[in-house]
Amino acid sequence: MTTVREATYQVLRDVGMTTIFGNPGSSELPFLKDMPAGFDYVLGLHERTAAGMGLGYALGRNEPAFVNLHSIASAGNGLSALIDAYYLHAPLVVTTGQQDRRQIMAEPFLVSRAVDVVKPYVKWACEPLRAEDVPAAIARGYQLAMQPPRGPVFISIPMDDWNKPCQPVRARRVSQTVEPNLEALDEVAHAIESSKKLTLIAGSQIEEDGAWNDVIALAERLNADVYAEPIAPRWAFPRTHRLFRGGLLPAQKPLADQLAGYDTVVVLGAPVFLYYAYVPGDPIRPGTKLFQITNSPQDASAALAGASIIGNIATAARYLREHVKKVEREVRPQEAVPEPKDDYPMTTAHLFSTLAKVMPHDAIIAEECPSSKGDLDRYVRLDKPGSFYSVRSGILGFAAPAAVGLQLAHPQRRVICAIGDGSLQYSVQALWSAVQAKAPVIFVVICNGNYSALEGFRKFTQVGKNVPGIDIPGIDATQIARGYGMQARTVDRPEELEPALREALEMKCASLVSVNVQQGGQRTMGMDQSVNPPNYG
């Protein structure tokens, strides 16, 4: 016999979850006291930050991260990170404290109903019926988090459970690959063979399933144009590759217009399709053959058109490559990106053009700058897997803590967090965690003094000018960062930017560069790419 606490720490060792991301409260102290050797605790000053760092760590390692939050605050302050993890297929094992079992029926202070609150956004949520079931619940949660599509699980643990006796629990190996139906793939291969103009859509599940090289090989065998899924949360195809054609637009009519010249469309690892602005139209032009290969039954069931195949993306890409003939055709080169002007006030085009010039080739971008996303996509071209992370849910507060988790997962690569001055405020406590964890993230804050994405959507939807709450004056990100102990500076003029970024890259510690830019509001989640949004309003 052992204790629940000792058995739990052994399970965590066995599955490799030895880094704990947390924000503790009274109900978590019995678990955290006298933490065994070999475990690291990464503190977040807010549940959103703690869970968000765990999310970035899980995405970066492609393995579950262990998160320990406080009581009902886990479902209040931390829920947005759980929603992010759910839509990003990030494997998290989230534990949270609960009041002492002996007084739960009396509705004491800090009693939690978090299990019921989080259920729509986790793969599994439970509060074990017996104290001795806690280690087994965590072992089960680990396996569920890793099953495709991956995602978060949630376990509420009464604070008096930890010192109860229980039997040791052994972690088991469980297969995680779901093979796609080969007959259905044969149908896709036949459609590809008979196609006159084919395109592939690359989605984030390519990285989840380790299919990066397999998809590149398939695209090159077919000489097919490749687009990124709308509002891509990960870049799943090299940005400078001769076959890459940019991102799809997140609205029905403009997206269908982009694909109008193709008779066959194969979506690899993405929804069909993710929309933002409502611009009515067919999901795809009539007569076009559309196939979706996804590891997510939910994405397959939600598709508005085409035939869907559920299974591992790498397996499917290899199978198709082996069953289609090599295609020879002349491929048009990528359109040259214009060199931005050194305007003052500075443009985000200049900012991202300069960043692309100075950053390492293996840099990792954590992005949350909706109003300037189009310029980031246009100028930042990274060709290594695991180079870009953004949020699919649309909830602000993702990038700053995710960047810290990504940096801890990849200590040999440099993480750059491109974030708006408004977005930063939703999880600004991550700056402190970056300093304390010695994670040398470079936070590049796009400072325009308003919610420019909201302003852009206001114009796009033509709702009128009298909308409050768009301007956010008086925020000094540099002073905030310094208050958390971080090296920080403000850049105002174009000629100051490159030296500031190079200085930050030379530092071995976390730093922040706040860049004053022109007020935007013309772009909405990349809707400026290849299309003038008002034409579809």
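If you take every DSSP beta bridge whose two residues both sit in the chain, what share of them, in percent to the nearest 5, is antiparallel? Here the antiparallel bridges make up roughly 5 percent for the chain.
Taking all pairs of distinct Cα atoms, average 1/r, flip it, and tell me the Kirkwood hydrodynamic radius of the stretch 226-279 in Å to one decimal place.
Details: mean 1/r = 0.0851 Å⁻¹.
Result for the stretch 226-279, one decimal place: 11.8 Å.
Starting from the Cα-Cα distance between residue 383 and residue 302, subtract it from 0.36 nm times their residue separation and give me the gain in nm to one decimal. Working shown, then result.
Numbers: separation 81, 0.36 × 81 = 29.16 nm, distance 3.05 nm.
Full-extension gain reported as 26.1 nm.
Between residue 282 and residue 26, the C-beta separation translates, for a Förster distance of 60 Å, into a calculated FRET efficiency of about 0.60. Helical runs assigned H by DSSP (4 residues or longer) give the chain a calculated mean residue ellipticity at 222 nm of -9500 deg cm²/dmol, each run adding -39500 (n - 2.57) before division by the residue total. A simple rule links phi to the HN-Hα coupling: the Karplus curve 6.51 cos²θ - 1.76 cosθ + 1.60 with θ = phi - 60°, which for the stretch 72-82 gives 5, 4, 4, 8, x, 5, x, 4, 4, 5, 5 Hz, with x for Gly and Pro.
Using C-alpha pairs below 8 Å separated by at least 6 residues, the relative contact order for the stretch 387-433 is 43 percent.
The label point for residue 323 and the one for residue 337, both projected 7 Å from the Cα toward the Cβ, are 3.8 nm apart. FRET efficiency for the residue 498 to residue 436 pair, using the beta carbon distance and R₀ = 35 Å, is estimated at 0.75. Placing +1 on the Cβ of every Lys and Arg and -1 on the Cβ of every Asp and Glu, with no other charges, gives the stretch 291-335 a dipole of roughly 200 debye about its Cα centre. Each peptide among 187-194, 2-9 gets the average number of other Cβ atoms lying within 10 Å of its residues, and from highest to lowest they stand as 2-9, 187-194. For the residue pairs 196/289; 197/289; 123/289; 341/373, the alpha carbons lie more than 21 Å apart in 123/289. Inter-part distance, the stretch 326-362 to the stretch 49-95, computed on C-alpha centroids, equals 33 Å. Compared with the direct C-alpha span, the chain from residue 361 to residue 220 gains 48.5 nm at full extension, assuming 0.36 nm per residue. Using alpha carbon centroids, what distance separates the stretch 108-164 and the stretch 236-296, in Å? So the two Cα centres are separated by 38 Å. With the simple spin-label model, which puts each label point 7 Å out from Cα in the Cβ direction, the residue 489 to residue 466 separation comes to 4.6 nm.
In order along the stretch 484-497, the Karplus-derived 3J(HN,Hα) couplings, from 6.51 cos²θ - 1.76 cosθ + 1.60 at θ = phi - 60°, round to 8, x, 9, 5, 8, 8, 9, 10, 10, 9, x, 5, 7, 5 Hz, and Gly and Pro are given as x. Computed extension length for residue 106-residue 130: 6.8 nm, one decimal, from 0.36 nm per residue of separation with the Cα-Cα distance subtracted.
Whole-Hz Karplus values for the stretch 420-430 come out as x, 5, x, 4, 4, 5, 6, 8, 4, 4, 4 Hz, taken residue by residue from phi with 6.51 cos²θ - 1.76 cosθ + 1.60 and θ = phi - 60°; glycine and proline positions read x.
With the contact rule set at Cα under 8 Å and sequence spacing of 6 or more, what percent relative contact order holds for the chain? Working shown, then result.
Numbers: 1228 pairs, mean separation 74.4, N = 537.
About 14 percent, as a whole number.
Contact order normalised by length for the stretch 102-184, with contacts defined as Cα pairs under 8 Å and 6 or more residues apart; what percent is it? Walk me through the numbers on the way to the answer.
On the way: 72 pairs, mean separation 24.7, N = 83.
It rounds to 30 percent for the stretch 102-184.
With the convex hull drawn around the C-alpha atoms of the chain, the volume per residue stands at 154 Å³.
Sorting the segments 82-90, 232-240 by their residues' average number of neighbouring beta-carbon atoms within 10 angstrom, most packed first, yields 82-90, 232-240.
Coordinate-derived values only; no laboratory data. Since the model is a prediction, treat every value here as computed from it, not as a measurement. All Cβ positions, even for glycine, are placed from backbone atoms using ideal geometry, and neighbour counts span all protein chains on display.
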